[in-house]
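The values are calculated or read from the model by the stated rules, or taken from the named source; none is laboratory data. Keep in mind that what you see is a predicted model, and the values were worked out from it rather than measured. Heads up: the accessible areas ignore ligands, DNA and RNA and are worked out on the full protein's heavy atoms, side chains in. Shrake-Rupley method; radii C 1.70, N 1.55, O 1.52, S 1.80 Å.
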Amino acid sequence: MFGFNHAFRGLFQMLRSERNFKIHILAFLLVVILGFSLSISIQDWISLFLVSGLVMSLEIINSAIEKICDLYSTESNQKIKIIKDISAGAVLIAALFAVLIGILVFYPHLVERFL
Ligand SMILES: Nc1ncnc2c1ncn2[C@@H]1O[C@H](COP(=O)(O)OP(=O)(O)OP(=O)(O)O)[C@@H](O)[C@H]1O
């Protein structure tokens, strides 16, 4: 149980200081509201939960990598730039797949309801 305390403190720290993480949480809440409104299937919920968890977890790892880099040096450094850019790329890939899954899940429901 002790480890959970540290982990929750880490999440709270992310919520307080990382703008991108707040955006991911907000996007997830919107997805949940839309999912309930459109009564999506359990398989759709599983897909959305998996990809949302992946995006949020990678955002946290990305922030941890950025902090390790900043611990090493906050001055302009080409190697740090590459490390941070690669780490941000991991989040971007997951976010793009999240958008793709979001379209695949919601598009048919929205077409059925509004067209
Ligand atoms: N010390 C550094 N030397 C060279 N380039 C850097 C350095 N620190 C940051 N950068 C560049 O700025 C970008 C943003 O890094 P920063 O640490 O500000 O993260 P951030 O503001 O949380 O951005 P994000 O998480 O959206 O990538 C990096 O991807 C990198 O290209």
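Pair-distance distribution of the range 54-115: all C-alpha pairs, bin width 5 Å, starting at 0; shares per bin in whole percent are 4, 17, 19, 14, 12, 10, 8, 6, 5, 4, 2, 0. Karplus-based coupling profile of the range 102-115, in residue order and whole Hz: x, 5, 4, 6, 8, 3, x, 5, 5, 4, 4, 7, 10, 10, with θ = phi - 60° in 6.51 cos²θ - 1.76 cosθ + 1.60 and x standing for Gly or Pro. What the chain shows is 74 Å² of accessible area per residue, with the surface traced by a 1.4 Å probe over protein heavy atoms.
Using a probe radius of 1.4 angstrom, the carbon and sulfur fraction of the accessible surface of the chain is 73%.
Here the 3J(HN,Hα) profile of the range 87-99, calculated from phi with Karplus coefficients 6.51, -1.76 and 1.60 at θ = phi - 60°, is 4, 5, x, 4, 5, 4, 4, 4, 5, 5, 5, 5, 5 Hz, Gly and Pro shown as x. The C-alpha atoms of the chain define a longest principal axis, and helix 2-17 lies at about 90 degrees to it. A helix-only calculation puts the chain at -32000 deg cm²/dmol for mean residue ellipticity at 222 nm, using -39500 (n - 2.57) for each DSSP H run of at least four residues, averaged over all residues.
Annotation: average projected area of the range 9-81 is 6.1 square nanometres, based on the convex hull of Cα atoms across all directions. Between the Cα long axis of helix 42-72 and the first principal axis of the chain there is an angle of about 10°, rounded to the nearest 10.
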